[in-house]
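S.K.: I'd like to ask some things about the structure below.
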Amino acid sequence: SGGEGEAVWKVAEDFRCSRGFIQSLLPSSAARYSCLIRFSGEIQHLWTLHMLFPTLLQKIEYASIPELVPIMELSGVGQGRARQLIQAGYISVKEIARTEPLELVNKLIQLNNKQAKQIVTSAKLVFKKKLRLLERRQMN
């Protein structure tokens, strides 16, 4: 498990094209996903795609491991903090939402009480929002 650039090299090697070509695809793919997000938001029966596309867009934009993306949705969490959370065993927003802020302070480096409360509160809000959205979609 190397750095983020390793994935680009692997894809370039697997598809026998240059790393530069793969990297140039990322911005154009992100632009197309942005259009798809707007389009799928306008058509009721495409709600599942509308929920999926923002995640895919973030994966393309951040070119990060998939587990980081949902955690990076949380307020106060960037790539570095998301990696710390995953390394500490918090692999989902739900797990973070169920955690006491003090536990995060004790497990993560350079995290104070205020930041931990912000992360846990944000996780609770994100988790509840996604749960309500899924419940609402199932009713329709």
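The values are calculated or read from the model by the stated rules, or taken from the named source; none is laboratory data. Predicted, not measured: the structure shown is a model, and the values here were computed from it. We place every Cβ from the backbone using ideal geometry, glycine too, and count neighbours over all the protein chains shown. For the accessible areas, the whole protein counts, side chains as well, though only heavy atoms, and no ligand, DNA or RNA atoms are used. Shrake-Rupley method; radii C 1.70, N 1.55, O 1.52, S 1.80 Å.
S.K.: Would you please name the residue that is farthest from THR55 (Cα to Cα), looking only at residues in the range 67-80 that are modelled with pLDDT of 90 or more and surrounded by fewer than 20 Cβ atoms within 10 Å (Cβ to Cβ)?
M.R.: Per the criteria, the residue is GLY76.
S.K.: Has the range 109-119 got at least one residue that is open to solvent by less than 80 Å² (accessible area, probe 1.4 Å), among the β-branched types (Val, Ile, Thr) and either in contact with an Asp or Glu (Cβ under 6 Å, 6 or more places away or on another chain) or over 27 Å from PRO27 (Cβ atoms) (or both)?
M.R.: Yes; the residues of the range 109-119 include at least one that is open to solvent by less than 80 Å² (accessible area, probe 1.4 Å), among the β-branched types (Val, Ile, Thr) and either in contact with an Asp or Glu (Cβ under 6 Å, 6 or more places away or on another chain) or over 27 Å from PRO27 (Cβ atoms) (or both).
S.K.: Next question, about the same structure. Among the listed residues LEU74, LEU52, LEU56, which satisfies the condition of being closer than 20 Å to LEU134 by Cα and in a loop (DSSP other than H, G, I, E, B)?
M.R.: Checking each option against the conditions leaves just LEU74.
S.K.: Does the range 37-50 contain any residue that is buried (at least 17 other Cβ atoms within 10 Å of the Cβ) and either in contact with a Gly (Cβ under 7 Å, 6 or more places away or on another chain) or touching a residue at least 60 places away in the same chain (Cβ under 8 Å) (or both)?
M.R.: Yes, because at least one residue in the range 37-50 is buried (at least 17 other Cβ atoms within 10 Å of the Cβ) and either in contact with a Gly (Cβ under 7 Å, 6 or more places away or on another chain) or touching a residue at least 60 places away in the same chain (Cβ under 8 Å) (or both).
S.K.: Quick one: LYS130 ticks every box in (1) modelled with pLDDT of 95 or more; (2) open to solvent by 80 Å² or more (accessible area, probe 1.4 Å) except a single one, so which number is it?
M.R.: It fails just one condition, (1).
S.K.: Now a separate question. Here are some conditions: (1) part of a helix (DSSP H, G or I); (2) in contact with a helix residue (DSSP H, G or I) (Cβ under 9 Å, 6 or more places away or on another chain). ILE109 meets all but one. Which one does it not meet?
M.R.: (1)
S.K.: Among the numbered conditions (1) open to solvent by 80 Å² or more (accessible area, probe 1.4 Å); (2) under 24 Å from ILE22 (Cα atoms), tell me where GLN58 comes up short.
M.R.: Going through the list (1) open to solvent by 80 Å² or more (accessible area, probe 1.4 Å); (2) under 24 Å from ILE22 (Cα atoms), GLN58 breaks only (1).
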